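Only the coordinates and a few stated rules stand behind these numbers; no lab work does. Computed from a prediction, not measured in an experiment: that's the story for all the values here. Ideal geometry is used to build each Cβ from the backbone, glycine not excepted, and the neighbour counts take in all protein chains shown.
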């Protein structure tokens, strides 16, 4: 399973997604405090694209134009 970018930029605008919450069979899944970081929705409507991961990866960006060459 990868990231959510293709779902948000490709499938969501096409209107082909169904809300996720009705598909959650167990009541405890619907309660945000039962999850480590609560419910983590990726879409603005907070009902179509759900993140199963609650972490941020480390990124390092270098502007080579600001670093002097030796």
Scan the range 1-20 residue by residue and report those that are surrounded by 14 or more Cβ atoms within 10 Å (Cβ to Cβ) and within 19 Å of residue 53 (Cα to Cα). 4, 7, 8, 20
If you go through the range 20-47, how many residues are touching a helix residue (DSSP H, G or I) at 6+ places or on another chain (Cβ under 7 Å), farther than 19 Å from residue 3 by Cα and part of a loop (DSSP other than H, G, I, E, B)? 1
Just checking, which of 62, 42, 31, 67 is more than 22 Å from residue 8 (Cβ to Cβ) and surrounded by 10 or more Cβ atoms within 10 Å (Cβ to Cβ)? 31
